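Peer 1: I'd like to ask you about the structure that follows.
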Amino acid sequence: YFGTSILTDSDSFQEVVVKIERPTYKKPFLGGFRNMRTGVEFHNAGSQTKLRKGPDKGIQLFCRETQTILEKSTAQQTRNTTSTQMTKIGLHVSNVTDKLISPGKYFTAEEYHKCRLEAVIVIQKYFRRWHAINVVQNLREERRLRLAWEAQEALREKREREEKFIREYERKLNPKTKEDFELLYHDLELWRQEETERINRTLTGAERKAALCELLEQEAQLIACFERHKANANEENQQKSILRLLDKCAQPKRWKAYDGKITEMDTQDTLRARELFEIYRSVNTEDIPRDERTAVLLTLKCTVKEHECKLSQEIVELIDREVDLMSREVKECNLEGLRKRICTLFLQYIKTPKFNPGVTALLKVPQDPLKLYKNVYFCPSCENYLPSTEFPMPANSRTTGRCRLCYRLENEARQRVTFLKCRLILENLRKSEADYQDDAKIVSLVQLPDMQYMIENIWNCRSALSAWSELYDLVMVRWDKQREWSPWNTILLTKEEADAHLKLCNLQKAYEAAFIYRIKQKHIRAKNYFARIPVMSSFLHRSDNQTNASSNKK
């Protein structure tokens, strides 16, 4: 620090303290002068003061030197100056490496651009050729894949038709169920109609009457053969139903835990049912040695003796009789009736809730007599009182009518119509509606007669698109997949057509106006048929309100 005097006014001075900072680095020389006499250097004031630092703006700034490029201009001269020298007296220049350059044809700008255009056209030609070859190859590959897929689909359809034919042939050859006998009676009716038409066309007079009588005898023989097969099938089906009932009683209790695992638990009732089921199966087994049969009968005797009643006494008496007859070496064929009586009485023993508590929930006839008066109706045809489950109830029916057995007998005797195809369409419809998981209710109300009426009278047993008439290949799906299925929101198509139909988003753009008009007319006919049903009418009004709301939105 040092002090100095500064003149403030014309005649006054002020003492000022000056602070001198000694830099630790050498300042660059930015300007000044040097005294020629004394040799003292004087720098500019800017090089002696510290620059004032401006406020921080939050961004990084650079000086001018970092933003500009340094340029430098220098003069150059060729290294080899001899190439410009010429031969003269006293100087020889070799011309071995010289080249003779002659000017070519001059190209104008128009000619140059013309050549460029021709070259571009050539390149385009080759590119388009290459692109066309690729397109053709892709089309050929797509065609090959399409033909292979069509051939595979044709083979699959052919295989399915053959399997279906073999299945139907096996069902007709060895009928087991009600549907199998429906097919048999349906084929019998077709054969009878063809033979009757042939006889009426070719014969007259007494020959015609004799041929018709012979045809009637053949039909009666075939019906008798069908009935024998039906009796055997009913006996076999009854035995299978008994085994299913006993097996269901013997199943342990199952429930699903919170982690998804299935837990099983055996109770006293299930253990008792399983024990009785094993004994029944052993008693019902044929062609076993006598000592094993005797052991099974003794086990059965000990089991039924646990409860003293008239039924158990009868079973014990029959067991003692069979053991006595076997000890006398009576033939097996003479013991069949006695063994059947033992099996029948033991089955009655098993179905008694007092001896087998687990069977109570599986019996069709309730144990409480008061429950028999509920949901029991009278069949005017067979004059029997039957539960409501034995009566087919069409959607437009107001009375119970005849029972299922009477309807089946009338069909076998007169009409001989098969409901198998309509039943398959209804089952497929209910499965497809269950996959939507939107709580569809109308499909559960539609019964088999209603479905048959819709297929035969409204849709004429054929596809709405291709008019395919094989009912095995037809399915019924929603017309508008966004709405619940109903008879007025459905369409009958083949399986392939149904898959393509359900993928459509806009029906108005996909189908012609005439086709949509025909479908709407069929829906109106279905509405008129089901509008007479009180339960269906509520769904019908709700569907109309939804349709009006959607049309207003559009």
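Peer 1: Considering only segment 491-501, state which residues are open to solvent by 50 Å² or more (accessible area, probe 1.4 Å) and not charged (D, E, K, R).
Peer 2: Residue satisfying the conditions is Ala500 alone.
Peer 1: Please specify each residue of segment 433-466 satisfying the condition of being surrounded by 12 or more Cβ atoms within 10 Å (Cβ to Cβ) and at positive phi.
Peer 2: Answer for segment 433-466, where residues must be surrounded by 12 or more Cβ atoms within 10 Å (Cβ to Cβ) and at positive phi: Asn460, Cys461.
Peer 1: For a quick check of your reading of the model, give me the residue pairs whose first member lies in segment 147-158 and is without any contact (Cβ under 8 Å) to a residue 24 or more places away in the chain, whose second is surrounded by 10 or more Cβ atoms within 10 Å (Cβ to Cβ), with beta-carbon atoms closer than 9 Å and at least 6 apart or on different chains.
Peer 2: Glu153/Glu496; Glu157/Asp473
Peer 1: On to the next question. For segment 427-449, give me the residue count where each residue is of a type outside the set (Ser, Thr, Tyr) and free of Cβ contacts under 8 Å to residues at least 40 places away in the same chain.
Peer 2: 7
Peer 1: In the list Ile491, Ile442, Ile519, Ile458, which residue meets the criterion of being in contact with a His (Cβ under 8 Å, 6 or more places away or on another chain) and over 25 Å from Glu163 (Cα atoms)?
Peer 2: None of the other options fit; the residue is Ile491.
Peer 1: Can I ask one more? I need the full set of residues from segment 450-465 which are part of a loop (DSSP other than H, G, I, E, B) and touching a residue at least 60 places away in the same chain (Cβ under 8 Å), in order please.
Peer 2: Trp459
Peer 1: Still on this structure, please answer the following. Please determine whether any residue of segment 193-209 is open to solvent by 60 Å² or more (accessible area, probe 1.4 Å) and within 30 Å of Arg404 (Cβ to Cβ).
Peer 2: Looking through segment 193-209, at least one residue is open to solvent by 60 Å² or more (accessible area, probe 1.4 Å) and within 30 Å of Arg404 (Cβ to Cβ).
Peer 1: Quick one: Phe107 ticks every box in (1) surrounded by 10 or more Cβ atoms within 10 Å (Cβ to Cβ); (2) part of a helix (DSSP H, G or I) except a single one, so which number is it?
Peer 2: Here Phe107 meets the rest and fails (2).
To keep it simple, each residue is scored yes or no on (1) open to solvent by less than 20 Å² (accessible area, probe 1.4 Å); (2) aliphatic (A, V, I, L, M); (3) in contact with a helix residue (DSSP H, G or I) (Cβ under 6 Å, 6 or more places away or on another chain); (4) in contact (Cβ under 8 Å) with a residue 60 or more places away in the chain.
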position	(1), (2), (3), (4)
Val296	no, yes, yes, no
Ser327	no, no, no, no
Glu332	no, no, no, no
Thr344	no, no, no, no
Gly358	no, no, yes, yes
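Peer 1: If I filter segment 238-252 for residues that are within 21 Å of Ile342 (Cβ to Cβ), among the hydroxyl-bearing types (Ser, Thr, Tyr) and outside the structural domain of Lys305 (by the TED database), do I get at least one hit?
Peer 2: Checked segment 238-252: at least one residue is within 21 Å of Ile342 (Cβ to Cβ), among the hydroxyl-bearing types (Ser, Thr, Tyr) and outside the structural domain of Lys305 (by the TED database).
Peer 1: In segment 271-286, which residues are assigned to a loop (DSSP other than H, G, I, E, B) and either open to solvent by less than 80 Å² (accessible area, probe 1.4 Å) or of a type in the set (Lys, Arg) (or both)?
Peer 2: Selection gives Asn284, Thr285.
Peer 1: Among the candidates Asp368, Asp320, which residue alone is open to solvent by 50 Å² or more (accessible area, probe 1.4 Å), modelled with pLDDT of 90 or more and acidic (Asp, Glu)?
Peer 2: Asp320 is the lone residue from the list that is open to solvent by 50 Å² or more (accessible area, probe 1.4 Å), modelled with pLDDT of 90 or more and acidic (Asp, Glu).
The values are calculated or read from the model by the stated rules, or taken from the named source; none is laboratory data. What you see is a predicted model; the values in this text were computed from it and never measured. We place every Cβ from the backbone using ideal geometry, glycine too, and count neighbours over all the protein chains shown. Ligands, DNA and RNA are excluded from the accessible area calculation, which covers all protein heavy atoms including side chains. Shrake-Rupley method; radii C 1.70, N 1.55, O 1.52, S 1.80 Å.
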